[in-house]
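What follows is a short report on a single structure.
Where a number appears in this text, it was derived from the coordinates with a stated rule and is not lab data. This is a predicted model, so every value here is computed, not measured. Counting neighbours? That spans all protein chains shown, and the Cβs are built from the backbone with ideal geometry, glycine included.
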Amino acid sequence: MKEKKRAKRLSWSHPADWLYVLCWTAAAATVALLAWIVLEIFSQALPSLRKFGLQFFIRASWNPNTDHFGALPFLVGTTMSSVFALLIALPLGIAIAIFLSEDFLPPVFRQSIRFVVELLAAIPSVVYGLWGAAIVIPIVRKGGNWLSNSLGFIPLFQGPVFGNSMLAASLILALMVLPTITAISRNALVDVPKTLREGAYALGATRWEAIFGVILPTASPGIVAATILALGRAMGETMAVAMLIGNSTRLTFSLLAPAGTLASLLANQFAEAEGLQVSSLMHAALLLMLLTLLVNATGEIILRRTQRITVKIRQR
Amino acid sequence: MMSVINSLGPLVDTSKTPQVKLRSSLSIFLSFICAGLSLLTLIPLLSIVFLVLRNGVPLLKPSLFTSLPPAVGSAGGGFGNAVIGTLIMVSLALFIAAPVGILAAIYINEYDRGSGFSCAVRFIAKLLTGIPSIICGIFVFSVLVVHLGFSAMAGSIALAILILPTILLTSEQALLGVPYALREASTGLGATVFQTIWCIVLPEALPAMTTGLMLAIARAAGETAPVLFTALFSSYWPKSIGHPTASLSVLIYNFSNIPYDYQANLAWAASLVLVGIVTITSVTAQLLVRKR
């Protein structure tokens, strides 16, 4: 009996065993966590899935009083706000990435600009929201009036003009995804093999001919990955958007009108929801999660493939 | 002599031809545009920092950290409970997520490097970093809060889920940074896998791991969405981790909607404190990396 106990203790005191078991458990727990999140939200969304099915995607009303729920306005809001954010952030982000990866500036300045852009990533979402309410909203209100007066015939800029609008949310999202785009694009640009650059210069290309002709095309898969990952971030961003977008549940295609995204809908209604509304919110959460998972998986796969290719070019 | 060189064609000095001049001035022009666009992004950042400082600093008094939030419409008071709530929840979240993240990183990088399972874990961790933070909040709400009510514990679990993949991936990078030769030398001297990991690899990877943990702290402290439906908010001092608890980020969100001047200013002061905490942790983290 005593010996048995001792043997047991000995086997457990052999450190390799328990550390291996612990480490394996932790790794498996990470995998299980994602599965659990997806399953839990799926099971909570079931009543709404059963009741609305595919109609959930095409119905444009969100009415807790009559228990009619359709996520179309929020799907449109999520897509529009993140696509517009990317349209604004992409040129800026790539410009900064080029500026930081080529030798325009001495390394000290490059480091400090990089540092500043990384700080942008560290600012909490609510602070962006607070700042947006104080600065971006008044600007959008003024600029929106001008836009709707001069370009109002385009549905995108139809009035009436609100401060809390899709445009305000897109602007703040653009600022928030800028660090993501910059960081990943910069890595892609830095990874372009030196021989390609030298080849371009040796053939007599100017700096920008080399950038547009050789460096950007070589780095383009990485930049595409950066764009997709930034899209994922923009779609999931909650607080700043909820504070600026106006949280309307009506379907709108105008940039100047209040709107809602899947994430802002959850932030606004989840606390007070009851009955079928909870399930419909879970349905929306499921939709948001699957969309971001899909987008992020695509981005990661592209990123991984490009890294493999650059490694191959290096080895040649 | 000149005519000989000219007849050689390719050797002609072309740097003065109009076409080359156009090309090089276009290049310079583009460089300026690129620099201009880069500097353009500094404007919003400076504006955020300026506004937070201008609106936050005048309110910054010691009493902010020792008193409770004021009732709606009245002035005076601070957000001591929110500061403590944030600290409690962030440290609890770190306490939960750090061991799991680091152990999982050890598994995929030391025990089972390159296997299919490890690749899957890495990929899933990357996917988890991309999950919207509000999803973490909703998940914890439906698993925990529905049964046990709003609590600081639920808030920290939501934050832990949020930072787990960050910790896992940064720890993995830290372990990758340890030269492979060290492991070979250690194994060559007769050390077991455990001894190699515990005595050689981990101490070597520790500084870089600390950086990852600090980045996780910065991320957790700034997040609002996961604690919004889990820890909720409270206007009183934290009683225990089983009660609803205030946090700085939720306080900013709540007070930003209130149309009273004092509350609005309190939101700015809280932003100042929050941005301060987040910036200091992430700057320290980056300095740690740069030192190496």
- Query: Which whole-number percent is the relative contact order of chain A (Cα, under 8 Å, 6+ apart)?
  - Reply: 26 percent
- Check every DSSP H run in chain A and write down those whose alpha carbon atoms cover 24 angstrom or more along the long axis and whose mean Kyte-Doolittle hydropathy is 1.0 or greater. A:15-52, A:72-101, A:166-190, A:216-236
- Message: Need one value for A:226-232: mean number of C-beta atoms belonging to other chains within 10 Å of its residues' C-beta atoms.
- Response: 1
- Note on the structure: Note on chain B: helices (DSSP H) long enough, at least 27 Å by alpha carbon along their axis, and hydrophobic enough, mean Kyte-Doolittle at least 0.0, are B:18-40, B:80-106, B:152-176, B:202-222, B:261-291
- Item | Kirkwood Rh in Å, taken over all unlike Cα pairs in segment B:212-292 | 14.0 Å
- Close Lys-Lys pairs in the protein assembly as shown, where close means Cα under 30 Å and separation is 8 or more or interchain: 8
- Note on the structure: Per its Cα gyration tensor (rounded if a/c is under 1.5, else prolate when a/b beats b/c, else oblate), the protein assembly as shown is best filed as oblate
- Query: When you look at the Cβ of every residue in B:19-31, what mean number of other chain Cβ atoms sits within 10 Å?
  - Reply: 3
- Using a Gaussian network model of chain A with C-alpha springs under 10 Å, which one of A:R59, A:R50, A:R110 is most mobile by mean-square fluctuation? A:R50
- Query: In nm, to one decimal, how far is the modelled label at B:H147 from the one at B:Q19, with both set 7 Å along Cα→Cβ?
  - Reply: 7.7 nm
- Would you tell me the mean number of C-beta atoms belonging to other protein chains that fall within 10 Å of each C-beta in A:112-121, as a whole number? 4
- Message: Can you compute the modelled spin-label distance between A:R304 and A:W18, with each label point 7 Å from Cα toward Cβ, in nm?
- Response: 3.4 nm
- With r defined as the distance between the Cβ atoms of A:F109 and A:A60 and R0 fixed at 60 Å, what FRET efficiency is calculated, to the nearest 0.05? 0.75
- Query: Which FRET efficiency value, to the nearest 0.05, is calculated for B:A181 and A:A202 with the Förster distance at 51 angstrom and r the Cβ-Cβ distance?
  - Reply: 0.85
- Message: Would chain B count as rounded, prolate or oblate if I go by the C-alpha gyration tensor, calling it rounded below 1.5 in a/c and otherwise prolate when a/b exceeds b/c, oblate otherwise?
- Response: oblate
- Item | Listed residues B:L59, B:L39, B:L228, most fluctuating in chain B (Gaussian network, C-alpha, under 10 Å) | B:L39
- Return the single residue from B:S24, B:S67, B:S256 with maximal mean-square fluctuation; model: Gaussian network over chain B, springs between Cα atoms under 10 Å. B:S24
